[in-house]
Each structure stands twice: as structure tokens, then as C-alpha cells.
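Working notes for the structure below.
The values are calculated or read from the model by the stated rules, or taken from the named source; none is laboratory data. Note that this is a predicted model, so its numbers are computed, not measured. Backbone-built Cβ (ideal geometry, glycine too); neighbour counts: all protein chains shown. The area values use the complete protein model at the heavy-atom level, side chains included, leaving out ligands, DNA and RNA. Shrake-Rupley method; radii C 1.70, N 1.55, O 1.52, S 1.80 Å.
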Protein chains: 2
Amino acid sequence: MDAAEFRRRGKEMVDLIADYLENIEQRPVYPDVEPGYLRSLIPEEAPEEPETYEDVVKDIERVIMPGAASPACTELETVMMDWLGKMLKLPEDFIAGTHGQGGGVIQGTASEATLVALLAARSRAVRMILASDPQRPETDITSKLVAYSSDQAHCSVERAGMIAGVRMKKIPTEQSDKYAVQGETLRRMIQEDKAAGLIPFYFCATLGTTPSCAFDHITELGPICNAEKIWMHIDAAYAGSSFICPEFRPLLNGIEFADSFNFNPHKWLLVNFDCSTMWVRKRSDLIGAFKMDPLYLKHDHQESGRYFDITFSCYSQSIRFRSLKMWFVFRMYGLKGLQDYIRKHVELAKEFESLVRADQRFEISADVVLGLVCFRLKGSNEVNETLLKRINNGRKIHLVPCQLSGQFVLRFAVCARTTESRHIREAWRLITQLAEEVMQELPN
Amino acid sequence: MDAAEFRRRGKEMVDLIADYLENIEQRPVYPDVEPGYLRSLIPEEAPEEPETYEDVVKDIERVIMPGAASPACTELETVMMDWLGKMLKLPEDFIAGTHGQGGGVIQGTASEATLVALLAARSRAVRMILASDPQRPETDITSKLVAYSSDQAHCSVERAGMIAGVRMKKIPTEQSDKYAVQGETLRRMIQEDKAAGLIPFYFCATLGTTPSCAFDHITELGPICNAEKIWMHIDAAYAGSSFICPEFRPLLNGIEFADSFNFNPHKWLLVNFDCSTMWVRKRSDLIGAFKMDPLYLKHDHQESGRYFDITFSCYSQSIRFRSLKMWFVFRMYGLKGLQDYIRKHVELAKEFESLVRADQRFEISADVVLGLVCFRLKGSNEVNETLLKRINNGRKIHLVPCQLSGQFVLRFAVCARTTESRHIREAWRLITQLAEEVMQELPN
């Protein structure tokens, strides 16, 4: 949608909202629909080709309004998560459908999803142990629990451990292994911890780490977790969007061993912030961790098992209608449009990578798999820190650094909707110009 | 703003967004402002009288754009929380100002605020105990922690305890005490728990409970918590908005003893969902519970202490720009407009109350303090359950019930922006008509 169409459609939407508010008294205050009503009104999968804005808007009255507010919000979210899950070719277990035990919900951020998964895992672990040892105090169990993640994992994983009050151990990774967690390392840590009387219960794998977009080997790690009854959560916050392209889908191989999986369409799939999509193999595991049932939350369909009660899948009772954003984006781009968008960013990152590789003064610091290029001037950390400061002070482009094996590394991330090849070339021109200045100032 | 103005302003806003996007390349990618830049550009308090939409919109370029994205988001949130805190006449300790140690942040829901306060309290309690007994294992401390709330508190308080992995005890309340927690009861429970080796550390007081809008006696409970170094959190999710009116402000007396306080402007102060405002006496207590510091989150002003780093005040790293909603609403209504809105709803509830009291077949089940009326047919729970079903099946109005001392009670809540006296009278006509039907069907 270009700016001209945005102006036109935006104004139509303002009128639609005003019409709704002006005539609201003619609508029933409570919907008269049965659980599952919405699924039958829309296709089972996202369209391949883009639809028009009119196509989507005319469905608001037909699909959303009959189940206004809560039922529509719950059901569209479940169905959109199915659409997206199918785009990703997730195993059938993660699709809610009409009879599935799994399914997806929208969380605010990957931090929330990691925490929600950890809490569900903790609750499952406690239940399993109490089943065989009912007299054991719960506090004794939780004091022995131990969770794992890569030393490359986002800091929110560590914070999730603090919040849940459980031990969180970082698994060391190596440059030679491309900063991926190795099965052997996890296996050894589990054995040591079990020997010390601890209870391993949760592993957060990362697909596309924040520093360098590294990928843990989940085909190797998953079976270890399954054998040990450890909940494997996969955090693919950034990289997940790319899995809608067949050529990147192999990066998700091993998902069949996971208990939960999350990524952020608000990062790279054109859905506005916030929209962090999370799937679980068994939604009863989530609901078991959060469910409450006071009288003021009771309703007729509660125990029907015919829908995913998303209000019991996070800490809050009130939920925003975030799936509308997904519905509009998926239909107006179509799967092909979204794939094109991902591929274009990866190509632009590759273009930047070749510019870096063609310049002998620079080096690439990690494999370029998707839209992130980790690079640096050959030389000291200090010279790279100076270069970064110069770049960011110019306020033309903005780079966020990382540390890799003690090296200060610059990260070039392609992430704006409107980025074109000319931006990449301009950015590189600017970087090399500043690098020249910085290097000329170096003492001989 | 009526529908006609909404149509006009909405369309202007669409153009403003399109203009911004079309010219985005002319703006610097990173702002060039110092911490505190925004506070000096706008008044220290919300206006008394309404301003116009133009007044607010012309400030977007002057106030927001220079600190585009993160600094503006952080700073406007802190200043709006100060504005609202001042409207509520909160003690100076809760106002951030330029040198304060306290301040406010926006959370998504009261559930989140309760949990965040509980986690901060847990972290503070563990720190205090470790300070005098550094060898004591942290898991031993948390296994002894005990938190309290009213048996009338929202279910999310209990859930917060589950999530944080701490004991949560419900304090019994009585109809004769108007369902308020009594100081004597809390004191006795604390003494018993301490005698049993437990560590009381958190009390969640409720001002305006979900079932009946009851108010805990915080002037009595606060000093007990302070003496015992128990964190007192006040959840006033619904009632809090009314405290901007001098005649309702006494309900908040005792706030001076609290560590944190929360209410939902999205419930009753015309700010769209979600916007749950939370103040803490010491923001270092919050930050201490959530802070992480990887390289990719470092920036120049981190340690300046000159602003409230709201990204460390909840579980997530990414924050929506929710304070814009507060800025628009506070300015376009003015304090007086907001007070008028609250007062009108309370008057409408009183009008409904008099209709109920004038009908001998009905009784009022709890004091009507704000916009909630708890009432029932004199008679069995069954007849009231039948009446409720009839009312809700009609889909003209919708009531959510509660249990009070074993009685099934109907709750009439005035909460829509557009409610007028005629809606109240229509609702009552409908209720009495259905009540007549239900009573005629009763066996003699």
C-alpha cells in the first residue's frame, strides 16, 4: 500500500469507526454465537496471492461483528495463529484446528513468551514430581529445578529465571561452533546437575541469537530434552519470520521435539508492534499454569474444550485484539508477498556483506544467514568502538554493537520496510568514509 | 469530541502519519537530546480546562519529534505519570520530578502491576535478609516468604503468588465490616505466621474490590505493614480514577504508607485499553528486580540517574508509546472535564440505586460508593440466577454477577462513555419486567 492509498484507506477506516460508534445502540451488547463460529466463516489458510483492502474490510461486518468483542478476539487469534503456523509448516501438534490439543497465542514480546513457557514448564515439572512423590514440599522441588540456555541467549531468558525463582545456567558456546549450543555440552551439564541432586526441567533454544544470529542445533538438542522430560522452548524472535520461505525453513528442523516455539512478527513480518506469536504443543500445559475461576469470569462455554481460552495463556485477564493486524497483513500481502519481503531483506544483507568482503580493511565476524551482518575493521576493539561512535553520531544510520569472543563487533541489520539497495550503498559509503578518517588518526 | 469532529480529526491524523512516512528520510535516525529534555517543553501539571485538538497536535512536532522513539516515549511516560499523580494528590514521594526517587510507569493491566510489585517486594525482602545473613540460601528464604491479600481481591493477586512461587494467604473479610480487611485480622495473621517461622513480605490492599467495590482500611493496615517491613501494594484498578475528585480522594487516605499503587485509566478515565498506571515510592526497587545489562542495551545516559528507565520496570524490553493517549485525553478533557465524567457516572449509579430501593421486591447488597450497584431480588439464589440469565439472554444490557456471603448478587456497573439517564431508566424497566415474569413463574 503506497502513501496515496494509505491516505484514502485510513480515512475510510476513520469513517467506519465513526459509523460504528454513532450506531452502536442498534447492536446487541452481547454476541449470540457458539464457540468455533468464526473458523467456518474464513479460509483455513492464508491466501497465496494478495487480496485487496476492500476484500478484508467487507469481512469485518460478516466475520467480526457477530462475535463482537471477546469471542471474535479469541477466535480470530486462534485461527490467525493456525494460518501463520501453517505458513511456517509447523508440525500438526501445534495447530489448534477444531480438535487439536496445541495451538498459538499472541504475547507482547519474546521476553513474555520465554517467561510464560518457563512458568508452564515449572508447573508441569512440579506436577510430574508430585505425582510420584505427593508428600514432597513444592518449595523443595522448585529449589532444585534448573533451566538452561545458551550464553548467547537474550538477557530476557536470564530475567525469566529470576522472575520464576529458578536456577538458570548458561551453556557455553564457541566461535568454532558458530556460537551454537552443542548437544554434547547440554548432555554433560544435565548429567552433572542430576548427579548433584538438581532437577533439569527447561531448555530455551535460540534460533537467531541477538549478537550474531546464531542457530542452536535443535535436531540434536531436542531428543536430549525429550529423553530427560525437559521442556524445550524455541526462541526465534527475529529469525522466525524467515521460516515462511522454503529455503529458510530447514533452520527450524527439530521443531518436532519442542514443547513451545515463539517468534516476533512485529520484528520482520510487517505486523506492527506488539505481536509476538507463541505456539504450544499442549495448551493444557499453559492453562494449567495460569487458570483461575472466580464467578465473575465464568461463562457457558468454559468447559466445552472447543476453543483456546487465550485469557488463561498469560498473566493478564484482558487481551487486546491484536489478531486483526495479522488478518489484514496476511491477506493484503498474501504468503508470496511476505516471502518476497523476507527475501529482499536477505538479499540486501548479502549485498552489504559483499561490500564488506571486497574491502581488505574489514572482516566479516559471523555467517550472514538472514538480514544481519556482523563485521569489524581488522584491528583493535578501540578502533572499532571509535568507528561505531562516529557512525552513530552522524545520525544518518544507527548500528548496535555486540561482543563476540572478546571482539567488539558492529552489527548492520536490514529491518525497515522501505529499505532499498541505494540505502545499503549509501550506508557503506558513509561507513568507509568514517573508517578512513578513524584510521588516518591512528598513531603509526 | 463528537462524531463529526472525530471524522475530521481522524482524517487529519491519517494525513499527518502519511506525511511523516513520506518524508521520513529527512529526519535523523537517532535523536540528539539530553535526558530530561521533554520535561522543560511542557507544563508541570495537566490543564484544568480543556484544550483544543489543534493545541495538542501542534506539540507533536515541537515536543515529541526531537526525541523521536525511545527518549520521547520514556520521558513523556514519566511526565504523564507525574501529571496524573498530581491530579490524584499522591504524596511527593511518588512523583519523579527532576530529582525524585519515586515515579510512575504504565503497565498493561492491574494483573501485571500486582505481579511486578510482588516481584519487587520479593527481591527487596531477599536482599534485606541476605544483608544480615549472607550465608542463607536464597531458596530457603523464598520458601518461607508469605504474601497477603483480601479474600475479596481479584484472582490475579492469587495468580501473581503462583507465578512468583510464594505463599499467598487470603485474609477473611465480613459483611459486617463491609468486606474490608481489618487491621486486627492482618496483625494476627502476621504474628501467627512469624511464630511459625514464615517471613511476611507483601500485602496487596484493594480499594474498590471486583465483587462489591469494597475498600480496605489502609490507614490502619499501612502502619502495620511499615512496622513489619512488609511491602504494601494498593490495587485500585477500577476505583482509582475517582480519586481525581476531591470528594472521593479520602478513599485513598493511607497511600502515604504504601510502597506501590496502581489503577487502570483504561477502565474509567477515558484512556483506551491498555493503560494501567503504577507508581512506586522507590524506583530503584523496581529496577533492582528486573535490570539486565548486556552490551546491546548499553547507552550513554544509562547511569545518569536523570530519568526513569521504564524498560527495566516490567518483564519486557520493548515498550509501546502509551503515554501519548494520556497526553491527548488529559489535555482535551482537562482535569475538570475528567472530574465531570466521573461524577456523572456516580450520579447515574445513585439514580439506579434509588430505583432499586424504591422497589420492595429488591434489596441493595453493598454500599454504593462509585459506579457499581450490587443488588438482588429478595429471595433465593436460584431466582436471582434465573433473573440474571433472562436479563443477559435479552442482550439489551449485560450484568456480571458475584457471590457475597453466600448470596448470588447482580452487579449493575455504569461504565460506558455515552451512558445517560435514559439508559439507566430503560435498564431498570427491563430488569423489573423480567423480574415480574420470573416471580410469576415461581411455585406458590
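Tabulated values for the structure
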item: Residue check, B:Lys396 free of Cβ contacts under 8 Å to residues at least 24 places away in the same chain, on the phi < 0 side of the Ramachandran plot and surrounded by fewer than 19 Cβ atoms within 10 Å (Cβ to Cβ); result: no
item: Selected residue (only one of A:Glu49, A:Glu92, A:Glu44 is open to solvent by 30 Å² or more (accessible area, probe 1.4 Å), farther than 27 Å from A:His154 by Cα and touching a helix residue (DSSP H, G or I) at 6+ places or on another chain (Cβ under 7 Å)); result: A:Glu49
item: Search result, residues across the range B:245-267 that are touching a Cys at 6+ places or on another chain (Cβ under 7 Å) and away from chain A (no Cβ under 14 Å); result: B:Phe257
item: Matching residues in the range B:6-43 - criterion: being under 14 Å from A:Phe6 (Cα atoms) and of a type in the set (Ser, Thr, Tyr); result: B:Tyr20
item: Test: B:Leu38 is in contact (Cβ under 8 Å) with a residue 60 or more places away in the chain, more than 14 Å from chain A (Cβ to nearest Cβ) and touching a Pro at 6+ places or on another chain (Cβ under 8 Å); result: no
item: Qualifying residues in the range A:65-89 (those that are in a loop (DSSP other than H, G, I, E, B) and farther than 20 Å from A:Arg331 by Cα) - the one most open to solvent (accessible area, probe 1.4 Å); result: A:Ala69
item: Complete set of residues in the range A:392-439 that are β-branched (Val, Ile, Thr), within 24 Å of A:Gly379 (Cα to Cα) and within 12 Å of chain B (Cβ to nearest Cβ); result: A:Ile397, A:Val400, A:Val409
item: Pair list, Cβ < 6 Å and 6+ apart or interchain, from the range B:108-136 residues that are among the charged types (D, E, K, R) to residues that are open to solvent by less than 10 Å² (accessible area, probe 1.4 Å) and assigned to a helix (DSSP H, G or I); result: B:Arg122/B:Ala164
item: Enumeration of residues in the range B:358-368 that are open to solvent by 40 Å² or more (accessible area, probe 1.4 Å) and closer than 24 Å to B:Thr173 by Cβ; result: B:Glu363, B:Asp367
item: Yes/no for B:Ser323 being closer than 30 Å to A:Val157 by Cα and either at pLDDT 95 or above or away from every other protein chain (no Cβ under 14 Å) (or both); result: yes
item: Members of the range A:251-274 that are open to solvent by less than 10 Å² (accessible area, probe 1.4 Å) and outside any loop (DSSP other than H, G, I, E, B); result: A:Leu252, A:Ile255, A:Ser260, A:Phe261, A:Asn262, A:Phe263, A:Pro265, A:Trp268
item: Residue tally, condition more than 8 Å from chain A (Cβ to nearest Cβ) and out of contact with any helix residue (DSSP H, G or I) (no Cβ under 9 Å at 6 or more places or on another chain), over the range B:144-173; result: 2
item: Matching residues, the range B:208-234, being closer than 25 Å to B:Phe408 by Cβ and either without any contact (Cβ under 8 Å) to a residue 12 or more places away in the chain or in contact with a strand residue (DSSP E or B) (Cβ under 6 Å, 6 or more places away or on another chain) (or both); result: B:Pro211, B:Ser212, B:Cys213, B:Phe215, B:Asp216
item: Residue in the range A:95-110 that is surrounded by the fewest Cβ atoms within 10 Å (Cβ to Cβ), counting only those that are at negative phi and not in a loop (DSSP other than H, G, I, E, B); result: A:Gln107
item: Among the candidates A:Leu372, A:Leu388, A:Leu348, residue that is in contact with a helix residue (DSSP H, G or I) (Cβ under 6 Å, 6 or more places away or on another chain) and crowded, with 17+ Cβ neighbours inside 10 Å; result: A:Leu348
item: Selected residue [touching a helix residue (DSSP H, G or I) at 6+ places or on another chain (Cβ under 7 Å) and either farther than 30 Å from B:Asn23 by Cβ or outside the structural domain of A:Ala96 (by TED's automatic domain parsing) (or both)] from A:Glu54, A:Glu5, A:Glu75; result: A:Glu75
item: Among (1) modelled with pLDDT of 95 or more; (2) within 22 Å of A:Arg283 (Cα to Cα) - the single one A:Ser316 does not satisfy; result: (1)
